[in-house]
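These notes are about the structure you will find just below.
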Amino acid sequence: MTTLKAFIKKYPALTYFTLTLAISTGGIFIAVGREGMPIDRYSLIPILSLFAGPSAAGLLLTGIFDGKKGLRDFGSRLFRWQVSVRWYAVAILITPLVVTPILLSLSLLSPDFLPAIITTSDKVALLSLGIVAGLVGGFLEELGWTGFAVPRLRLRYSILTTGLIVGLLWGAWHVPITFAATVSPSGAISLPLFLPPLFFYAAVLPVFRVLMVWVYDHTESLLVAILMHWSLSASTFTILQPPAIGTPLIIYYLILAAALCVVVAAVAVANGGQLESRVVSRTP
């Protein structure tokens, strides 16, 4: 156990990511064996295992490394709601305030960029799906990404470095399920469906995670992190999702990533040229 703890302490992100990926991809293999390729995006087995990965890995590693005290602190961070209202506003509004003007501007060139909430005939159903799915996904994922990985890395690295490391791993975690959902039974990959998400994972998620780490650094609230994750999911994959596919969707994701980089830069400038908080965060 001492050796395991030493390894986790030295390589927390690698340990967490490896365990998360093992749990999450397990369901994919089971689903492939039962249903074949491609996997239905709403298939219960891969969805449950996908989200079980981050949550189970985060709680298990916290228990192994910190024991009951660590789990109590984990619960304290999960229910820490008494933070400034401005951080709730930042967590919830950053994504829609960035995404909406980009899509509306691009929609002047093509209606394929119109947000789903404008084009759908059932706005209530779309809003309900975005709220419920986003909250469930955000809750289960952030139990691991922010609950375990981020605090460990912040003991050694800056907000920027921590955000980029976790963001890239976060993006890589999505790739297996994306591949399984877009490859044909013969093994052919639908590039218009498979490639755009890769740009989202590699370009958008790392930058957005930097902002998430910045917010968490100031609030130490898992609840706020969950809401920020929910806002991203609801804005980009349901409520504001455009019907564009292929190259147009890739262009949109690259523009979104660039816009988020501008937001990160603006935050750094407003904070005297750095992202770090003036208060040293409590250890997990």
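If every alpha-carbon in the range 185-236 counts as one equal scatterer, what log10 I(q)/I(0) does Debye give at q = 0.13 1/Å?
One equal scatterer on each Cα of the range 185-236 leads to -0.44.
If we count trypsin sites (Lys or Arg not before Pro) as exposed when they sit in a DSSP loop and have at most 14 other beta carbons within 10 Å, what is the longest stretch of the chain that avoids them all?
After excluding every exposed loop site, the longest remaining stretch is 157-277.
So which residue, out of TYR201, TYR11, TYR252, gets the largest mean-square fluctuation from a GNM of the chain using Cα contacts under 10 Å as springs?
The residue with the greatest mean-square fluctuation here is TYR11.
List the residues of the range 72-91 whose backbone N lies under 18 Å from a point placed 7 Å from the Cα of ALA259 along the Cα-to-Cβ direction.
Counting only backbone N, you get 90-91.
Per the helix-only calculation at 222 nm, which mean residue ellipticity applies to the chain, given -39500 (n - 2.57) for every DSSP H run of n ≥ 4 and division by its residues, nearest 500 deg cm²/dmol? Present the calculation step by step, with values, prior to reporting the outcome.
Details: 12 runs with 210 residues, N = 284.
Helices in the chain give a 222 nm mean residue ellipticity of -25000 deg cm²/dmol.
If you place +1 on the Cβ of every Lys and Arg, -1 on the Cβ of every Asp and Glu, and leave all else neutral, what size is the dipole of the range 1-158 about its Cα centre, to the nearest 20 Debye? Write out the running numbers ahead of the final one.
Values: 15 positive and 8 negative charges, 198 e Å.
The calculated dipole for the range 1-158 is roughly 960 debye.
With contacts defined as alpha carbon pairs under 8 Å and 6 or more residues apart, what's the relative contact order of the chain in percent?
28
Given a cut-off of under 8 Å on Cα pairs at least six residues apart, what relative contact order in percent is computed for the range 55-135? Mind showing how you got there, number by number?
Details: 20 pairs, mean separation 9.1, N = 81.
Computed value for the range 55-135: 11 percent relative contact order.
Among the lysines, select those whose C-alpha is under 25 Å from the C-alpha of LYS5, and discard any that sit fewer than 8 residues away in the same chain.
Partners within reach: LYS68, LYS69.
Could you give the accessible area per residue of the chain, probe 1.4 Å, as a whole number in Å²? Provide the component values of the computation, followed by the final result.
On the way: 13450 Å² over 284 residues.
Heavy-atom SASA per residue in the chain reads 47 Å².
Mind sorting out which of [x] 30, 25, 17; [y] 38, 24, 15; [z] 37, 20, 15 is the real semi-axes √(5λ) of the Cα gyration tensor in Å computed from the coordinates?
[x]
Among the aspartates and glutamates, select those whose C-alpha is under 16 Å from the C-alpha of LYS9, and discard any that sit fewer than 8 residues away in the same chain.
The qualifying aspartates and glutamates are ASP66.
Kindly point out which whole DSSP H helices in the chain project their C-alpha atoms 18 angstrom or further along the helix axis while averaging a Kyte-Doolittle hydropathy of 0.0 or above. Each step should come with its number before you reach the end.
On the way: long enough: 12-35 (34 Å, 1.02); 44-78 (34 Å, 0.72); 85-106 (32 Å, 1.85); 123-144 (32 Å, 1.48); 159-182 (34 Å, 1.45); 205-219 (20 Å, 0.89); 222-237 (22 Å, 1.56); 246-270 (36 Å, 2.38).
Taking the DSSP H segments of the chain (at least 18 Å long, mean hydropathy at least 0.0), we get 12-35, 44-78, 85-106, 123-144, 159-182, 205-219, 222-237, 246-270.
With a point put 7 Å past each Cα toward its Cβ, work out how far ALA6 is from PHE194 in nm, to one decimal.
Computed distance between label sites ALA6 and PHE194 equals 4.2 nm.
When only C-alpha pairs under 8 Å and at least 6 residues apart count, what is the relative contact order of the range 127-273, in percent?
Working: 149 pairs, mean separation 52.2, N = 147.
Reported relative contact order: 36 percent.
The values are calculated or read from the model by the stated rules, or taken from the named source; none is laboratory data. Just so it is clear, the structure is predicted and the values come from calculations on it, not from any experiment. Here Cβ is always computed from backbone atoms with ideal geometry, including for glycine, and neighbour counts include all displayed protein chains. Protein only, heavy atoms only, side chains kept; ligands, DNA and RNA dropped before computing areas. Shrake-Rupley method; radii C 1.70, N 1.55, O 1.52, S 1.80 Å.
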